Every structure is written in structure tokens, then in C-alpha cells.
Amino acid sequence: MTMPISEELIAEANARLMPAIEDEYAALGRKLERRGIGIGGIKQRVLDFSVAIPSWGAGRGGTRFAKFPIPGEPTNIHEKLEDCAVVNQLSRATPRVSPHFPWDKVSDYRALREQAEALGLGFDAVNSNTFQDQPGQQRSYSSGSLASTLRRTREQAVEHNIECIAIGQQLGSKDLTVWVGDGTNFPGQQDLGRSLDRYLEAAAEIYAALPADWRMLLEHKMFEPAFYSSVIADWGSSILAAQQLGPKAKCLVDLGHHAPNVNIEQIVARLHRFGKLGGFHFNDSKYGDDDLDSGSINPHQLFLVFNELIEAELNPRDGFNPAYMIDQSHNVTDPVESMMSSAEAIVAAYAKALVVDRGRLHAAQEADDAMLAFRTLRDAYDVDVGPILAMARAEAGGAVDYIGVYRASAWRGRKAQERRPVGLGAGIV
């Protein structure tokens, strides 16, 4: 493998920090041992955990009004993979990249897969794009795609999704993520029942093209770009569609795609209960679908989500294999730094959920002891799992101080000298 950051730089930085980390790790180990928890087992679970990162996340995002690119920003999938490799090398938690088509189209997918493997990366779910018109496209998606009132437009959207499956097979993917911006901006604009019928008919054609070992992940979104109604607006619409399509159709939960104050952790439990929990897109929000860095606004909610995921893993029912991915828009930060920070926040929430005293929690729940159940979760949330994460990164060859090492490497400055500038533009991508 050709690693982008000097391993000597990482080793030197870690050597300066490891005495303190080892001391903090030993102290935390003694604290957890008094609770009957072995720190080594938690560390191993952290080492085994991973989350995919999006190819588009390697670039600067923007608001609906403007985008402010930074020097050294990637301009194609090959450069995006280089930046994603930096994230994984330093964090050791993001070994897969989720590509988006047609943004990431190339002429040789075997070569693209070989490049990824040389950088220590694999590919996760492939994402289709029928929410945006492309140069040379015959039919516009301005009034919808899979739910369009125009048959030829629906056919075009179906063909694109099937093409994404074919590309994904070449890259080693096993999941197709389908999100559509279909909906309306005015009451009466479309028949709300028939628009869902059109979506289901088109989605069934895509589903029929899935290989036997693939899944179709249906992503819902409450609003934007449609502001009056969205065809797949919530988890209820998503699970009903997935149930009608078949067992390979699952629901994908994006943390920002809900009404304010919705109990997302309960949605996780419900989807798992009916065997339709397919995956997660991690981000955070303050006012709406903000796509902020994971854990930056509400880390406690992230912990509660992982608490339910651990419960689902312990009670797998018909299976438990969710696809985890970061899905953020980096408007004011270096995307590499944001994705590394988010990966740590996600892994930290996972580690905290692992130290929950499940026996005490379940006993309190059965006894209807609300305070004891709450305090059991809070005791785990209050644990500083930082030493576990730092030790795991160091053992895997990552950087204890990942942002410090990244900045010391001058990666962004070096890439600014090599890559052509990204032009000004509007929109989040």
C-alpha cells in the first residue's frame, strides 16, 4: 500500500504522547474493572468497528446560496480517494469509501478499485443521483425522477440506478442507496397517492435488477428540495416501501432527515424490530437538515442511537448488518479534519454504548425503575473513552493526535500546488 502521510511523522508524534495515553488508559482500565468491564475487550471492539466516508465529503460543501472552495480541494474521484486515504490512515476507522454517480464516473473501474486498494481502501454502498440534471441528459428531473409523471423520465431514472449497480459490482460494493428529491412545492401540484404508486413501480424495477447478495437502501428525507411534500418523507413511508419491495430492501436513517426533536433512537428500534434497519448516515443538526459534523451539536443523541444499535446487535432477530457512513457538508472547515473528527465522535459514542451495564439496565427496565435505568445510561455516557480510542488508533498505526499530525504533514498545502483550483459555485456539492 502507498500511504499518503509519512509513517515516520506519525510514529514520532505518537511517541511523544504515548506515555500520557498509557497512564490514562491504565487508570481508565482500573475504573472499568471495578464495574466488571474489561478495557481490553472494549478496545478490541473499537478496533473492529468502522464507518464509511463519502467521496463527496472530501470536498467543501456550501449553503444553498454559495460555495467557498479551499486550495487543494479534490476535483475528481482519484483525488478524493487520496484525501479519504489520509482520513483512514490517521483515524484507522474509515476503510471504505461510498461513491456517488455520475459525479464519480470513470472509464476504467478496475483501475479505480486498484487505486483504492493501493491506498488501503475499499468501496461501500454506491449512490445514484436522480435529483440533479447532468450535461447531455435527455430528460430533466426538475419535476421528479422515480415518481415523475413522465414515463420516459421514470425509465431514465431506473436505467441510471441499474447502471450504478453494474458499476458497484466492478468496485466490490454490495449496497445501492436510493434517495430521490421527488415531491411538491405547492398543494395540489401532484396527486399524493399516485406519486407514491409511481415511485413504487419504478423502485420495483430497480429491485428486480439487484444481484442476489445486494441490498437496496431506501433513504427518506422530510423536506428539501421539495418543501410541501416529499414522496419518501419519513421512516413510515420508507418502511412501507421496503416491505412492499421485498427482503433485500432496507431503510437507511440519516440523522438530519427528520422533523425537529423526533426520537431517532426509537426509530432505530422500530426498524430493527421489523427487520428493515439497513444503515445510517451520520451527521448532526441544529435547526433542520443541516449536515453538520457528527457529534458537534448533540453527542448525547448519537450515544442514545448507538445504545439502541447495541441492543439490536444483542438481539439480532432476522439479522443485524447496518451500513454506517458519514454524510456531512463541510462549509467552513477542512473536510479531512472534519471527517476525522466525526469518525472519532462516532466511535466514541459506540464505545460509550459498549460500557453500558446491560444487566443493570435491563433489570431496571423490567422493574420500571426509571431513575436507575436513566442513571445506568448516564454513567456510561459520562465515561471518558478517549484513552481507549487513542490507544486503539496507535495500535492500528494511526495517529493519537490526528489533526496535529495532519497539519504537520502540510498535506493540504502540498495538494494545493498539485491540483487545479475548484471553481466558485452554488449548492452543497
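The values are calculated or read from the model by the stated rules, or taken from the named source; none is laboratory data. Keep in mind the model is a prediction, meaning the values are calculated, not measured. We place every Cβ from the backbone using ideal geometry, glycine too, and count neighbours over all the protein chains shown. These area figures cover heavy atoms from the full protein model, side chains too; ligands, DNA and RNA do not enter into them. Shrake-Rupley method; radii C 1.70, N 1.55, O 1.52, S 1.80 Å.
Here is how the numbers come out for the structure above:
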item: Candidates Lys248, Lys286, filtered to the one that is more than 20 Å from Ala312 (Cα to Cα) and open to solvent by 40 Å² or more (accessible area, probe 1.4 Å); result: Lys286
item: Per-region count, the range 105-145, residues in a loop (DSSP other than H, G, I, E, B) and of a type in the set (Phe, Trp, Tyr); result: 2
item: Lone unmet requirement of (1) among the basic types (Lys, Arg); (2) open to solvent by 30 Å² or more (accessible area, probe 1.4 Å); (3) on the phi < 0 side of the Ramachandran plot for Lys67; result: (2)
item: Tally, over the range 214-231, of residues that are under 16 Å from Gly144 (Cα atoms) and out of contact with any helix residue (DSSP H, G or I) (no Cβ under 8 Å at 6 or more places or on another chain); result: 9
item: Per-region count, the range 128-143, residues open to solvent by 10 Å² or more (accessible area, probe 1.4 Å) and within 22 Å of His281 (Cα to Cα); result: 2
item: Within the range 1-104, helices (runs of 4 or more DSSP H) holding 1 or more residues that are within 15 Å of Ala116 (Cβ to Cβ); result: 77-91
item: Pairs where the first residue, in the range 309-327, is of a type in the set (Lys, Arg) and the second is in a helix (DSSP H, G or I), C-beta under 9 Å, 6+ apart; result: Arg317/His272; Arg317/Arg273
item: Output for the range 320-331, where each listed residue is in a loop (DSSP other than H, G, I, E, B) and either under 19 Å from Glu344 (Cβ atoms) or in contact with a Lys or Arg (Cβ under 9 Å, 6 or more places away or on another chain) (or both); result: Asn321, Pro322, Asp327, Gln328, Ser329, Asn331
item: Cβ pairs under 6 Å, 6+ apart, first in the range 171-183 and modelled with pLDDT of 95 or more, second of a type in the set (Lys, Arg); result: Leu171/Arg113; Asp175/Arg215
item: Tally of residues being open to solvent by 30 Å² or more (accessible area, probe 1.4 Å) and within 22 Å of Thr177 (Cβ to Cβ) across the range 81-108; result: 6
item: Selection count, the range 1-52, where residues are charged (D, E, K, R) and farther than 23 Å from Gly404 by Cβ; result: 7
item: Residue within the range 186-201 that is within 24 Å of Pro54 (Cα to Cα) and modelled with pLDDT of 95 or more present; result: no
item: When residues of the range 147-176 are limited to those that are closer than 16 Å to Val231 by Cβ and of a type outside the set (A, V, I, L, M, F, W, C), the one farthest from the chain's Cα centre (by Cα); result: Thr149
item: Residue selected from the range 292-344 under the condition open to solvent by 10 Å² or more (accessible area, probe 1.4 Å), under 13 Å from the mean Cα position of the chain (by Cα) and hydroxyl-bearing (Ser, Thr, Tyr), by the criterion modelled with the highest pLDDT; result: Tyr324
item: Residue match in the range 117-134 (condition: of a type in the set (Ser, Thr, Tyr), modelled with pLDDT of 95 or more and touching a Cys at 6+ places or on another chain (Cβ under 7 Å)); result: yes
item: Some residue of the range 185-194 being in contact (Cβ under 8 Å) with a residue 12 or more places away in the chain and either in contact with a His (Cβ under 8 Å, 6 or more places away or on another chain) or among the charged types (D, E, K, R) (or both); result: no
item: Qualifying residue in the range 168-181 (condition: within 22 Å of Gly246 (Cα to Cα), among the acidic types (Asp, Glu) and touching a strand residue (DSSP E or B) at 6+ places or on another chain (Cβ under 9 Å)); result: yes
item: Leu146, sole failed condition from (1) open to solvent by 70 Å² or more (accessible area, probe 1.4 Å); (2) at pLDDT 95 or above; result: (1)
item: In the range 278-308, the residues that are in contact (Cβ under 8 Å) with a residue 60 or more places away in the chain, within 22 Å of Ser98 (Cβ to Cβ) and not charged (D, E, K, R); result: Gly278, Gly279, His281, Phe282
item: Residue that is surrounded by the fewest Cβ atoms within 10 Å (Cβ to Cβ) [pool: residues in the range 374-416 that are over 15 Å from Val87 (Cα atoms) and aromatic (Phe, Trp, Tyr)]; result: Phe374
item: Some residue of the range 45-60 being open to solvent by less than 50 Å² (accessible area, probe 1.4 Å), out of contact with any strand residue (DSSP E or B) (no Cβ under 6 Å at 6 or more places or on another chain) and farther than 30 Å from Gly172 by Cα; result: no
